[in-house]
1. Considering only strands (runs of 3 or more DSSP E) fully contained in region 116-190, which possess at least 1 residues that are within 17 Å of Val74 (Cα to Cα)?
2. Among the residues of region 100-148, write down those that are aliphatic (A, V, I, L, M) and open to solvent by 50 Å² or more (accessible area, probe 1.4 Å).
Amino acid sequence: MSQARPAKAPQEGRLTAMGRAAATWLGSLRRRTIALAAGSVAVVVAVAVAVALLSGQDDRPPVPDTRARHYNDVDACLLTDKKGITGETAATVWQGMQDASLKTHARVSYTSVAGEQSAANARPYLNGLLQGSCDVLLAVGGPEVTVAAQTAPQYRKVGFVLVGTGDGEKPAANVTGIGTGDTLRADVAGAVERAVDGLS
């Protein structure tokens, strides 16, 4: 005579049902994870192929970095009055210096004389430029030109360009005088180029 199996307790039945539900959920999660990983790999492969195709079709040479500019070890410095390069004449001289820089690759900079506009006050500014690395020195403004003309004979290796004096006034062989006419920009560019060429 067979014995009847005892009925499962209600709690045990619930645990079994919960276990089956957890197993089913874990299985579906595993399938989703695999699908997501496969999708990610497919996207990465597609991007790599697209990059390879696009880079393979571009036969143009690489564009150089426009910020990178090679300068020679030559400095052209401008000494101006307190207006700096905002004054009309000084602004034109500065443009001419930049034009010369494009051709000669010389570095260009300017210093303005603050305070009293006199030769005595301009002298320390001029001396500072000459004790720095100025190979070509341009001067714009009455006191600035005066002190540069007085100082030029002591610095024979520096090319001086005196703006507003005309070519007739040459206190030394290393001085070029230029007027302030309509060709000022081109005259400055030419004077700086000649001075830079004379250094080599």
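The values are calculated or read from the model by the stated rules, or taken from the named source; none is laboratory data. Given the structure is predicted, the values throughout are model-derived calculations rather than measurements. The accessibility values were calculated without ligands, DNA or RNA, using every heavy atom of the protein model including side chains. Shrake-Rupley method; radii C 1.70, N 1.55, O 1.52, S 1.80 Å.
1. Output list reads 136-139, 159-163.
2. Of everything in region 100-148, those that are aliphatic (A, V, I, L, M) and open to solvent by 50 Å² or more (accessible area, probe 1.4 Å) turn out to be Leu102, Ala114, Ala120.
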